[in-house]
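See below for the structure under consideration.
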Amino acid sequence: MADSSASYIHMVQHLIEKCLLFHMTKEECMEALSKHANIKHVITSTVWQELEKENAEFFEAYTRQREERLSEMETKERILKILSETSRDPDE
């Protein structure tokens, strides 16, 4: 039984790593694994927390990078909105 538990946890860890490649938050990952792999939120959350403990520097950088990326995307959206508004009404 212990071996199958360990392999299940390893599988969840592997799936979390896949979620990280898609820049998902913990919540997005829990939702995705629940929906697509039938893994309970509490299991994903627990494995994620253990990964965070073991890899604190990685997760700090990951979170920082995600926030920077979101900020860049928001800025880009604002610029595109301004450009689209100006191109529609050249008199303003």
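The values are calculated or read from the model by the stated rules, or taken from the named source; none is laboratory data. Just so it is clear, the model here is predicted, and its values are computed rather than measured. Note: ideal-geometry Cβ built from the backbone for every residue, glycine included; neighbour counts use all protein chains shown. Ligands, DNA and RNA are stripped out before the accessible areas are found, and what is left, the full protein with its side chains, is counted by its heavy atoms. Shrake-Rupley method; radii C 1.70, N 1.55, O 1.52, S 1.80 Å.
Just a few scattered comments:
- Accessible area of region 40-92 divided out per residue, in Å², using a probe of 1.4 angstrom: 87 Å²
- Each Lys or Arg adds one and each Asp or Glu subtracts one; over the other residues with Cβ under 14 Å from the Cβ of Glu77, this totals +1.
- Contour minus Cα-Cα distance for Ile82 and Lys53 (0.36 nm per residue): 6.2 nm
- The chain: projected area of the alpha-carbon convex hull, averaged over directions, in nm²: 7.9 nm²
- Summarising the label geometry, the points placed 7 Å from Cα in the beta-carbon direction at Glu68 and Leu21 lie 2.2 nm from one another.
- Note, ³J(HN,Hα) from phi for region 31-36, Karplus 6.51, -1.76, 1.60, rounded to Hz, x at Gly and Pro: 5, 5, 5, 5, 6, 9
- The alpha-carbon of Lys76 sits under 20 angstrom from the alpha-carbons of these aspartates and glutamates, leaving out residues fewer than 8 places away in its chain: Glu67, Glu68, Glu85.
- Accessible surface of the chain, 1.4 Å probe, proportion on carbon and sulfur as whole %: 56 percent
- Working note: 222 nm ellipticity from helices only, DSSP H runs with n ≥ 4, each -39,500 (n - 2.57), summed and divided by the residues of the chain, gives -29500 deg cm²/dmol to the nearest 500.
- Lysines whose Cα lies under 22 Å from that of Lys18, excluding same-chain neighbours fewer than 8 positions away: Lys26, Lys35, Lys40, Lys53
- Rounded if a/c under 1.5, otherwise prolate or oblate - region 2-55, Cα gyration tensor axes: oblate
- Restricting the trypsin sites (Lys or Arg not before Pro) of the chain to loop positions (DSSP other than H, G, I, E, B) with no more than 14 neighbouring Cβ atoms within 10 Å leaves Lys40.
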